[in-house]
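Take a look at the structure set out below.
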Amino acid sequence: MSEIYLDNAATTPMSPKVIDCITDEMKNDFGNASSTYEIGRHARSVINKARQQVAQAINAKDNEIIFTSGGSESNNTAIFGTAYSRKNIGKHIITTKIEHPSVLNPMKRLESEGYKVTYLDVDETGHISLSDLKKALTPDTILVSIMAVNNEVGSIMPLEEIGQIVKNSNAYFHVDAVQGIGNIDIDVKKMNIDLLSTSAHKINGPKFLGFLYENENIHIPSLILGGEQETKRRAGTENVPGIAGFGEAVSEIAAISKKDLQAKYKHFQDIILQKLDSAGIKYEINGGRGKNVSHHVLNLRLNGISTAVLQTNLDLAGYAVSAGSACTAGSLEPSHVLIACFGKDSPRINESIRISFGRYNSDEEVNSFADQLVKIAGKFQAKDK
């Protein structure tokens with residue numbers, strides 16, 4: 001039985017061109033990019049090409065891109081680097097209650113070290129209030145860290161408006177764009193973003209690779225110490241084949257209209273919701289479906305059916321969906337995102353699944369999934385009548 005994969009917010013299948021690119025590099029280019037002889041110089045040119053590809057995709061300069069091991073390292077570098085290098089200015093940081101654990105856990109550590117962190121509330125669609133942000137800013141605020149797109153409910157944050165607000169303060173503006181790159185257009189200059197994190201494996205690239213955009217007018221200390229790679233900003237011998245593949249993945253996704261992708265994903269959502277409606281299945285959408293939501297994520301509550309039952313039955317039938325963030329999938333803790341949106345006592349917390357689409361999914365796959373979801377939900381909801 002072949003599995004239909006609908007958990008693209010967790011990770012994505014690698015693009016065939018990316019696989020070819022990485023394979024070719026692994027076969028033919030084993031040089032250390034720090035070496036000065038020909039093989040090393042060639043490896044360096046491969047990295048430089050990928051850096052240029054990444055920079056162009058977000059309207060940055062080549063020297064503003066630092067390759068890392070992924071989104072988590074990039075987030076940690078941005079947060080700790082800013083906090084420790086700017087503590088003479090202040091020790092206040094602003095973030096939201098629905099950030100990824102690689103943002104929230106560094107915040108917890110900083111709180112234990114004497115920093116004050118303000119966690120902005122979100123509404124039921126997963127959006128912050130800009131007025132709340134304005135009120136939270138003080139002369140002591142050194143960092144505002146807000147994600148581009150939420151990984152569980154798909155809410156798109158108003159980055160340009162946030163950037164304009166933060167620009168007029170003492171704070172740096174950091175964006176976790178792991179779910180943003182590939183799903184929405186991002187322009188770091190237009191949005192006044194100082195620091196931006198992302199990950200390759202969310203855009204059909206390789207795992208254990210990401211980048212941190214760092215505006216050339218700021219400088220934060222390295223998180224990883226050692227050699228002088230990445231212009232002395234991130235130690236460790238570069239993964240040349242992986243970086244080459246990352247550059248290819250970014251180029252591919254940059255060439256695809258985000259408007260067209262969002263329309264495709266909304267169409268997939270329509271297929272599922274229309275079949276649920278036709279079958280009389282009781283459900284609720286967690287988050288929204290408006291213009292400020294990325295349609296690659298559809299978080300659904302199926303009334304009266306536990307998340308574990310839904311996920312297990314779908315898995316046995318050959319469909320891969322999740323209960324929320326893959327980074328906390330082994331945890332017994334309920335979704336902090338759904339709690340922030342609906343409160344800890346909401347039945348949505350324990351009766352929801354996350355369906356997330358990718359550019360390789362087809363109408364046939366989504367129709368098949370929708371039929372199976374109707375079958376499972378109908379069976380369990382009928383028992384409760």
- Message: Report for the chain the percent antiparallel among DSSP-assigned beta bridges with both residues inside it, nearest 5.
- Response: 55 percent
- Positive dipole terminus of the chain, leading residue within ASN303, ILE89, ASN313 (C-beta point charges): ILE89
- Item | Long-range Cα-Cα pairs in segment 16-254 (distance over 21 Å), rounded percent | 55 percent
- Message: Tell me the Rg and the Dmax, in Å, that the Cα atoms of segment 228-281 produce.
- Response: 20.4, 61
- Cα point-scatterer Debye curve for segment 1-73, base-10 log of I(q)/I(0) at q = 0.11, 0.16, 0.20 Å⁻¹: -0.42, -0.80, -1.09
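Neighbour counts of other C-beta atoms within 10 Å: give me THR77, THR198 arranged from fewest to most.
THR77, THR198
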- Task: Can you tell me the FRET efficiency between ASN28 and ALA255 if r is taken as the Cβ-Cβ distance and R0 is 22 Å, rounded to the nearest 0.05?
- Result: 0.30
- segment 22-30 - phi-based ³J(HN,Hα) in whole Hz, Karplus 6.51/-1.76/1.60, Gly and Pro as x: 5, 4, 4, 5, 5, 6, 10, 9, 9
- Query: Once you charge only the Cβ atoms, +1 for Lys and Arg and -1 for Asp and Glu, what is the size of the charge dipole of segment 172-262 about its Cα centre, to the nearest 20 debye?
  - Reply: 140 debye
- Message: Tell me the angle of helix 363-383 to the major Cα principal axis of the chain, expressed in degrees between 0 and 90 and rounded to the nearest ten.
- Response: 50 degrees
- Query: What full-extension length gain, to one decimal in nm, is calculated for TYR360 and GLU113 as 0.36 nm per residue of separation minus the Cα-Cα distance?
  - Reply: 84.4 nm
- Rh (Kirkwood, all Cα-Cα pairs) for segment 331-385, Å, reads 13.7 Å
- Roughly how tilted is helix 258-278, in degrees to the nearest 10 and between 0 and 90, from the longest Cα axis of the chain? 20 degrees
- R0 = 35 Å: FRET efficiency of GLU228 with ASP185, Cβ-based, nearest 0.05? 0.55
- Message: I'd like the chymotrypsin sites (Phe, Trp or Tyr not before Pro) in segment 1-49 restricted to DSSP loop residues with at most 16 other Cβ atoms within 10 Å, sorted by number.
- Response: PHE30, TYR37
- Compactness summary of segment 228-385: radius of gyration and Dmax from Cα atoms, Å, are 18.9, 66
- Starting with the fewest neighbours, write out SER368, SER199 ranked by other beta-carbon atoms found within 10 Å of each beta-carbon. SER368, SER199
- Message: Please compute the modelled spin-label separation between PHE208 and ASN292, points set 7 Å along Cα→Cβ, answer in nm with one decimal.
- Response: 4.0 nm
- Note on the structure: If every Lys and Arg gets +1 and every Asp and Glu gets -1 at its Cβ, then about the Cα centre segment 16-254 yields a dipole, in debye to the nearest 20, of 580 debye
- Item | Distance between modelled label sites at GLU161 and ASN48, nm, 7 Å Cα→Cβ extension | 4.3 nm
- Query: Can you list residues whose amide H is under 5 Å from ASN286's amide H, if they're 5+ apart or on another chain and H is modeled 1.01 Å from N?
  - Reply: ASN299, LEU300, ARG301
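What's the extension gain from SER131 to GLU3 if we count 0.36 nm per residue and subtract their Cα-Cα distance?
41.6 nm
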- In units of 2.2 N^0.38 Å, the Cα radius of gyration of segment 61-117 is 1.19
- What is the helix-to-structure angle for 307-317, meaning the angle in degrees between its Cα long axis and the longest Cα principal axis of the chain, kept from 0 to 90 and rounded to the nearest 10? 90 degrees
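None of the figures in this text is laboratory data; all of them are computed from the coordinates on show. Quick caveat, the model's predicted, so the values are computed rather than measured. Note: ideal-geometry Cβ built from the backbone for every residue, glycine included; neighbour counts use all protein chains shown.
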